[in-house]
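Read the structure below first, then the notes.
Readers should treat all values here as calculations from the given coordinates under stated rules, not as data from a laboratory. As the structure is a prediction and not an experimental result, all values here were calculated from the model. Every residue, glycine among them, receives a Cβ derived from its backbone with ideal geometry; neighbour counts consider all protein chains shown.
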Amino acid sequence: MSVPVLDLQGVAFAYPDGHQALHGVDLHVHQGERVALLGPNGAGKTTLVLHLNGILMPGLGSVSVSGLPVTKENLLEVRRRVGIVFQDPDDQLFMGTVREDVAFGPKNLGLRGPELERRVLEALEAVGMAEYADRPPHHLSFGQRRRVAVATVLAMQPEVLVLDEPSSNLDPASRRELADILRSLDVTVLLVTHDLPYALELCPRSVILSDGVVAADGPTADILGDEALMKAHRLELPFGFDPRFASRP
Amino acid sequence: MGAPHGHKLHFHGHSWLHRLPAHVKLVALVAFMLTVVATPRDWYPVFAGYFLMLVALVAISHVPPTYLAKRMVVEVPFVVFAALLPFVATGPQVEVLGLSLSEQGLLGAWGLLVKGTLGVLASLLLAATTEPGALLAGLERLRMPPLLVQIMGFMIRYLDVVTDELRRMHVARESRGFSARDPRQWPVIAKSAGVLFIRSYERGERVHLAMLSRGYDGRMPR
Ligand SMILES: Nc1ncnc2c1ncn2[C@@H]1O[C@H](COP(=O)(O)OP(=O)(O)O)[C@@H](O)[C@H]1O
Ligand SMILES: [Mg+2]
């Protein structure tokens, strides 16, 4: 098979206070896949995400992105390849205007002038926020800020888009708009969530992370349909939702 | 969330004063303040002249005087201090309404009040007629070190976020029966201030992570 976009081998990590958050995670994500990373609160999902672009370095094991090992020397290239959308858009949007914020990443990659302009505009158009380019981010609605946050990493033309709990705090309409945007993108996606219907809607494949290890990996419908597995990892479907009867687009 | 335009001190408009480049206004403000401070406090007609000038500028800017008046409350601590001066200062005394007041103190209070008021009014007028972003760009054009401009930019950006957080904590406290009137409960306020500090600090760290994730290397790209 081809070189995986994300290749994690035996990744283990303990926080400085001694808390062991990851106990040896193996995960491969291939080009063009959309994979959901499921797990209850505290499972280590965010910790894992921070390993994908070298914010955290594994105590044991290794991470590679399209064959490039995540090391100190490769950080800038790794961060171009892996675009992370963080949980709280207020953490991600820190510049005075939407345009400046979206330009921040590509500028760090050395882009300037018309090429930069084009990247910014394309990214904003991809999330339907081009008309807000000159607004300060803190004057946008939460759903709009989440979309701009997606644009800030799209502008770096990443090979894989990683979203940490993207549907949290969104109203149903914003949630659906974001799903439409994610489906329209031609990019590998790792969707970190405990919103199970969202995972089923967007990702053919799911991985369960529980207590710092991968507990299951397979087709989303099979995983959500396995009641014993779900129960064992504190994952619950919303009331009345049956994955066997959910229609998929 | 705030209004679609600018910040809480900004009053949207298109007057001549609004359109004047920010760095010109900044230099004018500093020059005005220095002049006011350097003016001897017993040149009464000159102060009247300064005041008329500001009134004319307010008129040009179309910012309602009540809008500025409401925001003048920041001056209150100085007013209180100035009002105390005639009672505590020493030297020759004068009789005013049956009270024996220090002459030096009276003059000192007048000087503090008039200079403070002129300065606050002029600054408010600048804030009311200039978008925060333009102000930062103006500072940059005046060769303010970019790092300082950046820090001020972050401050403006996160002011709303932090005040929002502060308001939510306040609502959560009150909802559980807290009353700021009761001195026995004041330690709670100190603790919430501590929590707010830690939250803001942690947010700072998260923002930094998000910046690193987009290739930030410690220098703002130009
Ligand atoms: N900075 C930190 N220091 C110490 N422990 C942490 C830190 N961040 C997270 N943890 C712990 O690591 C575990 C995994 O956290 P996290 O990756 O945030 O989980 P998730 O995103 O799946 O909810 C949790 O038990 C959490 O308490
Ligand atoms: Mg998390």
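Brief remarks on what is shown
- Convex hull of the stretch B:16-138 built on C-alpha atoms - directionally averaged projected area, nm²: 8.6
- Compactness of chain B, taken as the C-alpha radius of gyration over 2.2 N^0.38 Å, stands at 1.30.
- Whole-angstrom gap from the stretch A:192-243 to the stretch B:51-83, using each part's C-alpha centre: 61
- For chain A, excluding the exposed loop sites themselves (chymotrypsin sites (Phe, Trp or Tyr not before Pro), DSSP loop, at most 12 other Cβ atoms within 10 Å), the longest remaining stretch covers A:1-238.
- Taking a sphere under 14 Å around the Cβ of residue A:107 and counting the other residues whose Cβ falls inside, with K and R at +1 and D and E at -1, yields a net charge of +4.
- In loop segments of the stretch A:89-135 as defined by DSSP, the trypsin sites (Lys or Arg not before Pro) with at most 14 further C-beta atoms inside 10 Å of their C-beta are A:112.
- Of the beta bridges in chain A, as assigned by DSSP with both residues counted there, near 55 percent are antiparallel.
- Pairwise centroid distance, computed over Cα atoms, of the stretch A:41-103 with the stretch B:155-222, Å: 24
- Size descriptors for the protein assembly as shown: radius of gyration and Dmax over Cα atoms are 28.7, 98 Å.
- Averaged over peptide A:84-92, the number of partner chain Cβ atoms lying within 10 Å of each residue's Cβ comes to 5.
- Nearest 10 degrees, 0 to 90: helix B:186-213 Cα axis against chain B principal axis: 50
- Backbone N under 19 Å from the residue B:188 label point (7 Å along Cα→Cβ), restricted to the stretch B:132-169: B:165-169
- Here's the picture: a label point sits 7 Å out from the Cα of residue B:150 along the beta-carbon direction, and within the stretch A:97-125 the residues with their amide nitrogen under 18 Å of it are A:97, A:100-112.
- Average partner coverage of A:105-112, which counts Cβ from other chains inside 10 Å: 4
- With a 10 Å cut-off around each Cβ of B:153-159, the average count of Cβ atoms from other chains is 3.
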